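Everything on this sheet refers to the single structure shown next.
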Amino acid sequence: MAFSSSSSSLGQVEMPAMGKKLLLVDVDAGVDDAAALMIALAAPNVEILGITCCFGNTTVENVCRNVLRLLKKCDHPQIPVYQGASSPLLNRMQNDYFYGTDGLGDIPDADAPRLDQVQHEHAVAAMIRIINERPNMVTLVATGPLTNLALAVKMDPTFPKKIKNMSIMGGNMYSRGNIDVCAEFNFAADPEAAYIVLNEYTCPTSITTWEFACMHSLSWEFYEKCTSQDSEKAKFLKEIYTVTTEYQKLPIPKLRALYRKPGFVSCDCFAMAAAVDDDLITESIFCAVSVELTGSHTRGMMVLDIDDRLQKVNRVSVAKELDMEKFKGLLMAALK
């Protein structure tokens, strides 16, 4: 890849070749984060500047290990990895280990990179630095709890104004939950952080919700075709997804079937695909949103202000429909 040098107030910054989409990715990897990262790593128009890690699907230490392991599998060990928040702002941890206790299906790997390959710089400081070095040039993709993002805006209130745009996987649009009655896992894992981000980030923002992912599940036939490609990446993803696909193949209760189609669902892939391809989402709801913090059954639920009662200035795009063939193409390319 060709680079040219450009100076900034923080020193010399390497700028990617023309036409590259710059991504900063915040994850709680997690099998679905791994699949999402594979989409970005395989996209010819994308450059990942850094990957910041947060607690979520497993401990933040495991998340860092998982990201390093994935980058090695995908031949991108040069991408810097940063360790961030280890618990929610109010320290109320919860996890259902849907992706195994280590987040990657509990598949041992004796050759996995060690934590000493994680950068010494804290994830939140790295996020602020990376965005400040390239103001209004970087897309921020968040596929885990939003704790690192909330800390970043509290450390630097101007941070959101320097982000080109943001793609979030989280929340819900029809009050259907997965970790709780009415709350999706990423938002329920740290509702206060989600509230801060949705109320203080003013950059253009798109959200792919839990129900959106469920309504756009992929057939098991496509999953087998995709993960049976003759590549180490396909073999790796299929192996680490074993625990999760066993859960996903269980019969869906009748009421849940109203919003969840049978099939393979990898929630984080939708947020990443939307960031990689600007034309992937074909229909959205454009409105203000917030997060419920106090309800006994609704804490962590995303609230859509369809009637503009909150009178908020910043709005977000909540995805409703996508170009499914494009999405399938990105997944196939990711595992070649």
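The values are calculated or read from the model by the stated rules, or taken from the named source; none is laboratory data. On a predicted model such as this, the values are computed, not experimentally measured, just so you know. Cβ placement follows ideal geometry from the backbone for every residue including glycine, while neighbour counts extend to all protein chains displayed.
Any idea which residue in segment 291-300 is surrounded by the fewest Cβ atoms within 10 Å (Cβ to Cβ), counting only those that are of a type outside the set (D, E, K, R) and under 17 Å from Leu89 (Cα atoms)?
Quick first cut of segment 291-300, residues of a type outside the set (D, E, K, R) only: 291, 293-298, 300.
Filter again for under 17 Å from Leu89 (Cα atoms), leaving 291, 293-294, 300.
Details: Val291: 26, Leu293: 14, Thr294: 7, Gly300: 29.
Here the residue is Thr294.
When you scan segment 98-114, do you find a residue that is polar (S, T, N, Q) and touching a residue at least 60 places away in the same chain (Cβ under 8 Å), even just one? Steps first, please.
Of all residues in segment 98-114, those polar (S, T, N, Q) come to 101.
Now drop any that are not touching a residue at least 60 places away in the same chain (Cβ under 8 Å), which leaves none.
Taking every residue of segment 98-114 in turn, none turns out to be polar (S, T, N, Q) and touching a residue at least 60 places away in the same chain (Cβ under 8 Å).
Out of Lys164, Lys238, Lys154, report the one residue that is of a type outside the set (Phe, Trp, Tyr), out of contact with any strand residue (DSSP E or B) (no Cβ under 8 Å at 6 or more places or on another chain), modelled with pLDDT of 95 or more and on the phi < 0 side of the Ramachandran plot. Outline the logic, then answer.
Values: Lys164 fails: out of contact with any strand residue (DSSP E or B) (no Cβ under 8 Å at 6 or more places or on another chain); Lys238 fails: modelled with pLDDT of 95 or more.
The unique qualifying residue is Lys154.
So which strands (runs of 3 or more DSSP E) are wholly in segment 11-111 and hold at least 2 residues that are modelled with pLDDT under 95? Before the answer, list the steps.
Values: elements: 11-16, 21-27, 46-53, 81-83.
The qualifying strands (runs of 3 or more DSSP E) are 11-16.
What residue, of Thr294, Thr282, is touching an Asp or Glu at 6+ places or on another chain (Cβ under 7 Å), of a type in the set (Val, Ile, Thr) and over 15 Å from Glu184 (Cβ atoms)?
On the way: Thr294 fails: touching an Asp or Glu at 6+ places or on another chain (Cβ under 7 Å).
After applying the criteria, what remains is Thr282.
Please state which one of Asp307, Asp279, Asp268 is assigned to a loop (DSSP other than H, G, I, E, B), under 24 Å from Glu47 (Cα atoms) and not small (Gly, Ala, Ser). Give the derivation first.
Values: Asp307 fails: under 24 Å from Glu47 (Cα atoms); Asp268 fails: assigned to a loop (DSSP other than H, G, I, E, B).
The match here is Asp279.
Within the set of pairs 6 or more residues apart or between chains, which connect a residue that is over 21 Å from Thr244 (Cα atoms) inside segment 266-291 to a residue that is assigned to a strand (DSSP E or B) and acidic (Asp, Glu) with Cβ atoms less than 9 Å apart?
Ile281/Glu321; Thr282/Glu321; Glu283/Glu321; Ser284/Glu321; Cys287/Asp305; Ala288/Asp305; Val289/Asp305; Ser290/Asp305
Give me the pairs: first residue in segment 153-165 and more than 26 Å from Ala273 (Cβ to Cβ), second residue part of a helix (DSSP H, G or I), beta-carbon distance under 7 Å, and six or more apart or on different chains, which are they?
Sorted first by the residue in segment 153-165, then by its partner, the pairs are Met155/Val124; Met155/Ile128; Asp156/Ile128.
Do we have Ile39 as surrounded by fewer than 20 Cβ atoms within 10 Å (Cβ to Cβ) and closer than 28 Å to Gly329 by Cα here? Even if it seems obvious, please write down each step before you answer.
Values: surrounded by fewer than 20 Cβ atoms within 10 Å (Cβ to Cβ): no; closer than 28 Å to Gly329 by Cα: yes.
Answer is no for this residue.
Determine the pairs where a residue that is without any contact (Cβ under 8 Å) to a residue 12 or more places away in the chain and hydroxyl-bearing (Ser, Thr, Tyr), located within segment 64-79, has a partner that is buried (at least 20 other Cβ atoms within 10 Å of the Cβ) and in a helix (DSSP H, G or I) with Cβ atoms under 6 Å apart, the partner being 6 or more residues away or on another chain.
Correct list of pairs: empty, since none qualify.
Give the residues of segment 77-106 that are within 20 Å of Met127 (Cβ to Cβ) and either polar (S, T, N, Q) or surrounded by fewer than 16 Cβ atoms within 10 Å (Cβ to Cβ) (or both), sorted by residue number.
Those that are within 20 Å of Met127 (Cβ to Cβ) and either polar (S, T, N, Q) or surrounded by fewer than 16 Cβ atoms within 10 Å (Cβ to Cβ) (or both): Gln78, Gln83, Ser86, Ser87.
Anything in segment 42-61 that is touching a Ser or Thr at 6+ places or on another chain (Cβ under 8 Å) and crowded, with 23+ Cβ neighbours inside 10 Å? List them, or say none.
Cys54, Phe55
For segment 301-327, give me each residue that is among the charged types (D, E, K, R) and within 18 Å of the chain's Cα centre (by Cα).
Lys320 - this is the single residue of segment 301-327 that is among the charged types (D, E, K, R) and within 18 Å of the chain's Cα centre (by Cα).
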